[in-house]
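Just below is one structure, and these are the notes that go with it.
Each value in this text was obtained by applying a stated rule to the coordinates, not by laboratory testing. Remember, it's a predicted structure, so these values are computed and weren't measured experimentally. A quick note on method: Cβ atoms are made from the backbone with ideal geometry, for glycine too, and the neighbour counts reach across all protein chains shown.
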């Protein structure tokens, strides 16, 4: 039997983040993470969208929500994939920068992802890909100002999850773009080292959004993850 599959998008991302993967697995569910201002509330909303047990895959903020699900309802998860994320809470500097962005947004200066910010999200080789860069910009615009504020509040308030990792017993994939500037490969390696029997993949020529930057590589990795016996 094939596992039901739940995808969790990142900050200012929607189902387009996983478009290439949901074309392969059309029955997969992409959670709506735009409605809540706490990762636990996001986790409960995602859980309510799924019948029974399921394979769980999250990227960035979606990884934070995935770890919340592993804390709230680990018995529901058959396997876990964490892309370009961290088990750590924000550092004081990260929190400060996040609050500055939130203050600007409340002052009606929400600009989503601008071309100036794309180098933080994409590998340098992809910055000239007009189709890809426009899709990233369009996702942010579609998520919008109010959801951005809710998501940033949720990220700010997320707990440190490092202590949770040693108790994860399902087949686990940890993956990261080799040029991820926001959650760099060292954070992925840290998680993989703490989760028993986790598999670590560093995806070449990818930044923070490998499912869009290297969709075929990500799909191949996910196929292998879904095939692991449990």
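Scoring 29-38, 62-71 by mean Cβ neighbours within 10 Å over their residues and listing the highest first yields 62-71, 29-38. For the chain, adding -39500 (n - 2.57) for each run of n ≥ 4 DSSP H residues and dividing by the number of residues yields -13500 deg cm²/dmol at 222 nm. Considering only the chain, what is the antiparallel percent among its DSSP beta bridges, to the nearest 5? Looking only at bridges with both residues in the chain, the antiparallel portion is about 0 percent.
If R0 is 41 Å, the Cβ-Cβ spacing of residue 199 and residue 103 corresponds to a FRET efficiency of close to 0.55. Panel order for 93, 40, by other beta carbons found within 10 Å of each beta carbon, from fewest to most: 93, 40. Compute the separation of the alpha-carbon centres of segment 53-75 and segment 7-38 and state it in Å as a whole number. One Cα centre to the other: 13 Å. For segment 122-222, with equal point scatterers placed on the C-alpha atoms only and solvent neglected, what are the log10 I(q)/I(0) values from the Debye formula at q = 0.20 1/Å, to two decimals? These q points yield log10 I(q)/I(0) values of -1.15. For the pair residue 90 and residue 190, the difference between a 0.36 nm per residue extended length and the Cα-Cα distance amounts to 34.4 nm.
Using the Cα coordinates of segment 16-70, the gyration tensor eigenvalues translate into equivalent-ellipsoid semi-axes of 18, 13, 10 Å, sorted from longest to shortest. Across the chain, the relative contact order, built from alpha-carbon pairs under 8 Å that are at least six residues apart, equals 25 percent. Stokes-Einstein diffusion of segment 168-230 at 20 °C, 1.002 mPa s viscosity, Kirkwood radius from Cα pairs, rounded to a whole number: 179 µm²/s. Sorted largest first, the spans of the alpha carbon positions of segment 1-156 along the three principal axes are 46, 33, 23 Å.
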